[in-house]
Amino acid sequence: MLKVKDLHASVEDKAILKGLSLNIKAGEVHAIMGPNGAGKSTLGYVLSGREGYSVEGGSAELDGKDILDMEADERACAGLFLAFQYPVEIPGVSNLEFLKASLDAQRKMQGVEPLTATEILKMARAACKQVHLPIEFLKRGVNEGFSGGEKKRNEILQMLMLQPKLCILDESDSGLDIDALQVVAEGVNSQRSPDRSFLIVTHYQRLLDYIKPDFVHVLADGKIVKSGGPELALELEENGYGWLNNSAYEGQNA
Amino acid sequence: MSAWLEARIARADDNTTGQSWLAAKRQESLELLRESAWPTRKTEAWKYTPLRSLQGFSCGAVGTAAVVDKIDDLNSIDLVFVDGNFDTEQLSVELPEGLSVTRLADADRATQAWAAKRFACIKPERHLFGLVNDVLFSDGVIIDVAAGCTIHQPVRVVQQLSEGAEAHTRVLVRLGEGAKAAVIEQCDGNSESFNTLVAEYQISAKAELEHYRFAFQVDKAMSVGGCHFDLAERAQLNSTLVGFGSTLSRVDVDIHHGGEHTFAKFNAIYLLDGRELFDLHATVEHANPNGRTIENIRCIIADHAKAVFNGRIHIHRDAQKVLAELNNRNLLLSDHAEINTKPELEIYADDVKCAHGATIAAMDEQALYYLQSRGVDRSKAQVMLSFGFINELVDQMPNQILAEWLRPQLRQRFSQMEVS
């Protein structure tokens, strides 16, 4: 599904990703953990096509298609979805209008008939219910005045509506209480399927109690330094990232 | 005065048939005009709005303007002026009870008696192009709503201008005590032309006016005009201005709180592109206590366009307990676009609550990226964000049929405006 090879990327001439490789097969859930400043959020932004992030080398393919030359909207239409760590507030544009524009654009690019306003409303209502957001939120400005938890749930709502192939969740658990965390996790779990993959970026093991990953990777200083099964997350929770500075490990990594 | 004006005054006498009852007013205005200096770049009120293009304009061959499109479902009473002349053919509906529409030239003695008193008295005395219009207007209507009457059909005054046309038209509106009505002023045209549309509104005690001015002249169609309101005790005004720019577009709005417990809301949206110019001067006079004003002005400027906003709220010494808010927000879509904004508060009363502010910002890149990350392409995302910037004001329009009519036109406008 997603093949990232030796990806190098920088922001304002500062190298952030330094040869990151990652291979996610259809249906798999991968978690990326790592200390602050390792480049976790950058990975999400680079893959989704945010401006200001320049790719210096390597490749990234989604379903065999090179995505690095695509505009952000083309990547979205190709099936990539990024749940933002800090979703953006857009006053004056209603949530429903935003969902409709996104669905219309994606379906147009995919050559599928657009959904009717009634169909979209019906889907949106069901999605609201699933992420425990009142239906009135559809009429409000996108994320306008939403609490932190509401914003995160709104990201999941968009994911439910857009049905992407690859979902990147950028710290979707940060700032959430236990109930909201469960809502987010349930949203993700309900979407797990053999033809959809997830990349979950998180600081904490907690989210992974609810969303069981198939693989866990440690990202440090711009590359994956260790990969393993779900047990790796527990190990990190226990030991922290101090071992990264360990010289023995450096050697192994070289 | 300018040569441009002299030439017109010399010609003006031919077209005032049936309006001799206004001759004294015209004469007064002419004298004021002769005393006034023609604006230059040093004239504060015209600093950013040069009149060069006007001076170069000469009335050419006048074509025939098309029949004005009805607005679906609005059921409005349309008063159409074609190249400055009232087109009686296009007024086909029967007027509801309590509403009368009289052409200036056809006014009977009773109408003349009150109209002569109010005519040219609601707009400020030294309003330059108001004076020009006083002297030059060739046609006009008096719209009178009887006391206590509610007119459900909006009255729409449309100015249509064909290439080379010059039009000076006049509208005088009176809402009797407790009356309610909606009036729409609309200027259309895209070829080289010039109009000075001046509308004066007398809103009597407890009356409510819903007002719109759609300044839709674009390209080389020039327009310099104004709408002026006088609110008597407990009168209410809810006004919305929507403008596109052109070579020269200027509107002066004056709201005079002439009684106590008055309420005025004025929302304005203007969207400029290319090398267009739009200048809005809004003046609010609180001459009496307990009045309230809310003004929201939003402007989006693309390419090399230039916007001017001057918003003045003047609270007189005895006007205690006034609440006034003025907010001006501008969105610049290009590095070459220009906005000159000047909110002014002048307060002489000591127990009032006033706020004013102006902001200028560029398109929010983060919001653009967010929309794009969901599949919306950049140009569509820009249209959505532009719309988002003014949507609130469109939603606030009391007549939602009109808002629905407006939305696609705004969308069309946004899709032409490039972000650079």
quick note, chain B, DSSP beta bridge pairs, % antiparallel (nearest 5) is 5 percent
Looking at the range B:1-140, what % of the alpha carbon pairs are farther apart than 18 Å?
66 percent
Semi-axes in Å, largest first, for chain B (Cα gyration tensor, √(5λ)) are 32, 26, 23
So how do A:Ile211, A:Ile135 line up by other beta-carbon neighbours within 10 Å, fewest first?
A:Ile135, A:Ile211
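Mean projection of the alpha-carbon convex hull of the range B:229-291 over all orientations, in nm²?
3.9 nm²
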To the nearest Å, what is the center-to-center distance of the range A:176-211 and the range B:93-121, using C-alpha atoms only?
72 Å
In whole angstrom, note down how far apart the Cα centers of the range B:245-311 and the range B:153-170 are.
21 Å
For B:Cys187, B:Cys59, which order do you get if you count the other beta carbons within 10 Å of each Cβ and list the fewest first?
B:Cys59, B:Cys187
Mind running the shape call on the range B:343-405? Use the C-alpha gyration tensor, a ≥ b ≥ c as the square roots of the eigenvalues: rounded below 1.5 for a/c, prolate if a/b tops b/c, oblate otherwise.
oblate
Let me check the size of chain A from its C-alpha atoms; what are the radius of gyration and Dmax in Å?
18.2, 61
Most exposed first by the Cβ proxy, i.e. fewest other Cβ within 10 Å, how do A:Thr42, B:Thr43, B:Thr359 rank?
B:Thr359, B:Thr43, A:Thr42
Using θ = phi - 60° and Karplus 6.51 cos²θ - 1.76 cosθ + 1.60, couplings along the range B:139-153 (whole Hz; Gly, Pro as x):
7, x, 10, 10, 10, 10, 10, 5, 3, x, 8, 10, 9, 7, 7
Can I get the semi-axes of the range B:273-335's equivalent ellipsoid? Compute them from the C-alpha gyration tensor as square roots of 5 times the eigenvalues, in angstrom, largest first.
32, 11, 6
Please get the size of the charge dipole for the protein assembly as shown, origin at its Cα centre, with Cβ charges of +1 on Lys and Arg and -1 on Asp and Glu, quoted in debye to the nearest 20.
180 debye
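Just for the range A:98-254, what percent of DSSP beta bridges are antiparallel, to the closest 5?
The answer is about 55 percent antiparallel.
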Fraction of the pair-distance distribution of the protein assembly as shown above 39 Å, Cα-Cα pairs, percent
45 percent
Step through the table entries A:Lys14/A:Lys151; A:Lys122/B:Lys70; A:Lys18/A:Lys129; B:Lys25/B:Lys180, compare each Cα-Cα distance with 32 Å, and write down the pairs that go over it.
A:Lys122/B:Lys70; A:Lys18/A:Lys129
Report the residue, chosen from B:Leu231, B:Leu175, B:Leu371, that carries the largest GNM mean-square fluctuation when chain B is represented by alpha-carbon nodes joined by springs under 10 Å.
B:Leu371
Restricted to the protein assembly as shown, the DSSP antiparallel beta bridge percent, nearest 5, is 20 percent
How big is D, in µm² s⁻¹, for the range B:150-228 by Stokes-Einstein at 10 °C and 1.306 mPa s if Rh is the Kirkwood radius over C-alpha pairs?
120 µm²/s
Please state the equivalent ellipsoid semi-axes for the range A:1-103: what are the square roots of 5 times the Cα gyration tensor eigenvalues, largest first, in whole Å?
24, 17, 14
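Each value in this text was obtained by applying a stated rule to the coordinates, not by laboratory testing. Everything quoted here is computed from the prediction, not taken from an experiment. No Cβ is skipped: glycine too gets one built from the backbone with ideal geometry, and neighbour counts run over all protein chains shown.
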